[in-house]
Amino acid sequence: MTGVKTVLVVEDELKISRLMRDYLEGAGFAVIEASDGQAAISLVRSQRPDMIVLDLGLPGMDGLDVTRRIRETSSVPIIMVTARVEETDRIVGLELGADDYLTKPFSPKELVARVRAVLRRADSTLGGGELIRAGEVTLDIPKRRVTVRGEAVELTATEFDLLLTLARHPGRIYTRAQLLDGVHGVSFESYERSVDAHIKNIRRKIERDPRNPELVLTVYGVGYRFTDA
Ligand code: CA
């Protein structure tokens, strides 16, 4: 994947949308803009952007509805832009399949860094083999084996599925509910806090220091992500 990447900016406040366009163009991206959800959805279809920066607070169809509609047909990476007060919406957005979020106000540097990180992640997960290497961890999917720093590690089926979900998309934030979705056969224990217990076990097995995890990281108030360092 080479060449100039196109970013669709969806924002109803013209001033903010212009600023975002300037920052992103300055960083070498091509930018197209939409000021409402309907326009965004048709641009996704007609222009096939490489990623979307989507404001949550839009007139009419809000950012969550737009995400839901886009995900029916496309897995294009989406960064949601939220205000600080929209914390619940942010979690719902991630559950609907947004890849990351930015909280207003953000700096130009932060915007560009997030866009680059999400694009890099999207590129690296294309194709996807039977082996996943993420940092010091290797997952052999058909054999359901995990190696950490060259040493085999025994994980339960649930722990393996959780780790696999996280490590498939390093850096991507998962809510507890999304992690449960990634795990088979949890109906008898499918309440979100059980995820914390499994994560604790995974950390004990794969982290150098489980109290200061470097691989499976906590995102406070949201859930977990696998390191993309
Ligand atoms: Ca707005």
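The values are calculated or read from the model by the stated rules, or taken from the named source; none is laboratory data. These figures come from a predicted structure and were not determined experimentally. Cβ atoms come from the backbone with ideal geometry, glycine included; neighbour counts cover every protein chain shown. Please note that ligands, DNA and RNA were not included when accessible areas were found on the heavy atoms of the full protein model with its side chains. Shrake-Rupley method; radii C 1.70, N 1.55, O 1.52, S 1.80 Å.
Brief remarks on what is shown
- Take 9-22, 156-169 and order them by the average number of nearby Cβ atoms within 10 Å per residue, most first; the result is 156-169, 9-22.
- Each peptide in 29-39, 170-180, 143-153, 82-92 receives the mean, over its residues, of other Cβ atoms within 10 Å, and ordering these scores from highest gives 170-180, 29-39, 82-92, 143-153.
- Only alpha carbons enter this Debye calculation for region 15-132, each as an equal point scatterer, and the log10 of I(q)/I(0) it gives at q = 0.15, 0.19 Å⁻¹ is -0.66, -1.07.
- Of all aspartates and glutamates in the structure, those lying under 17 Å Cα to Cα from Lys15, and not within fewer than 8 positions of it along the same chain, are Glu25, Glu33, Asp36, Asp55.
- Under 18 Å of direct C-alpha separation, and excluding same-chain neighbours fewer than eight residues apart, Lys5 reaches these lysines: Lys109.
- Accessible surface, the chain, averaged per residue in Å² (probe 1.4 Å): 51
- Accessible-area composition of region 13-73, carbon plus sulfur, in percent [1.4 Å probe]: 48
- Shape of region 1-73, Cα gyration tensor, a/c cut at 1.5: oblate
- Principal axis dimensions, largest first and in whole angstrom, of region 131-226 by Cα: 33, 28, 21
- Spatially, region 192-218 and region 86-125 are offset by 23 Å when compared through their Cα centroids.
- Pairs of C-alpha atoms in the chain farther apart than 28 Å represent 34 percent of all such pairs.
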